[in-house]
Structures are given as C-alpha cells and as structure tokens.
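Report on one structure; see the data block that follows.
The values are calculated or read from the model by the stated rules, or taken from the named source; none is laboratory data. Since we're looking at a predicted model, the values are computed, not measured. We place every Cβ from the backbone using ideal geometry, glycine too, and count neighbours over all the protein chains shown.
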C-alpha cells in the first residue's frame, strides 16, 4: 500500500493502515475471497443457531449454545483477519468492505458490497455509503 501524501506516519483512524491503489485493493479482495465466503456461511449459521436458542425456537442440526459460541469466536477471528489487511469491514449483512485510497487527491474509500463481482464503486470518506459513485476507469 502506498503511504498517504505528506504523511510518513499516518495518525488518524482512516489512514492508519495506509492507502490502497485500485489494483492493490482488487488483489487484496481476491486474497480475501475464501475468508469472505467463510464469513457469509458462518453468518447464516449464527442466525440459525441464535434462532434455535430463543424460547420456542425451532431446533437446528447445527447444535446449540456451545456451537453458537464457537461460530461467534470464529467470526471474530475472520473479521480481525479482514481488518488486519487495512480493509475496513463496514457491514455484515450484506457484507461491506471499504479500502482507503485517494482519487484525484481526494480521500476516498473503494467500496465492495457482497454480491459485487469486483470493486467498481467508491465514496468520499466523509459521505459514507450513500455517497457511492461508480469508478471511472480509463
């Protein structure tokens, strides 16, 4: 990842891990695909296990409280793995990842939403998801 312009050691939260180029963000997303797939599977398992544990909940073959706790622990590990790359995990259902970057000198987040084939969107860091725009590639 490239360092932010003029900052040898970034000190704010957003740029603390450095910046991604679009190519780097796409490569990182590709490396994260198995982790993402496991998160999506475990997310569904967690919902099913949680529903089974409420009074009157339908039983599940996935198990009970011990299995729910194990799924929760594994999800936490996987989310940490994602965050350690410098990507920001912004949503779980649907899964939403942001990769800090700059476009034309403006701080942005390259945005990937579960179901997207690739990173094709971005938004200014101060606008959030509602400010998403399609990337204009050469």
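A few comments on the model shown:
- Applying a threshold of 8 Å to beta carbon distances and a minimum spacing of six or more residues, or different chains, the list of pairs starting in region 28-43 at a residue that is over 17 Å from residue 84 (Cα atoms) and ending at one that is in a helix (DSSP H, G or I) and modelled with pLDDT of 95 or more reads 42/71; 42/74; 42/75; 42/78; 43/75.
- Unique match (being at negative phi and more than 14 Å from the chain's Cα centre (by Cα)) among 35, 120: 120
- When region 1-51 is filtered for residues that are loosely packed, with under 15 Cβ neighbours inside 10 Å, modelled with pLDDT of 95 or more and not in a helix (DSSP H, G or I), only 21 remains.
- Conditions (1) closer than 27 Å to residue 127 by Cβ; (2) surrounded by 15 or more Cβ atoms within 10 Å (Cβ to Cβ); number of the one not met by residue 94: (2)
- Taken over region 123-135, the residue count meeting the criterion of being closer than 23 Å to residue 40 by Cβ and not in a loop (DSSP other than H, G, I, E, B) is 2.
- Failed condition for residue 69, given (1) over 24 Å from residue 28 (Cα atoms); (2) modelled with pLDDT of 95 or more; (3) in a loop (DSSP other than H, G, I, E, B): (3)
- Among the residues of region 76-94, those identified as within 16 Å of residue 25 (Cα to Cα) and either in contact with a helix residue (DSSP H, G or I) (Cβ under 7 Å, 6 or more places away or on another chain) or in a strand (DSSP E or B) (or both) are 81, 82, 85, 87, 88, 89, 90.
- Scan of region 97-114 for residues that are touching a strand residue (DSSP E or B) at 6+ places or on another chain (Cβ under 6 Å) and either more than 15 Å from residue 18 (Cα to Cα) or surrounded by fewer than 16 Cβ atoms within 10 Å (Cβ to Cβ) (or both), ordered by number: 97, 111, 112, 113, 114
- Set 47, 82, 54: member being touching a strand residue (DSSP E or B) at 6+ places or on another chain (Cβ under 6 Å) and without any contact (Cβ under 8 Å) to a residue 60 or more places away in the chain: 82
- Evaluation of residue 117 against (1) free of Cβ contacts under 8 Å to residues at least 40 places away in the same chain; (2) over 24 Å from residue 18 (Cβ atoms); (3) surrounded by 12 or more Cβ atoms within 10 Å (Cβ to Cβ) (one fails), failing number: (3)
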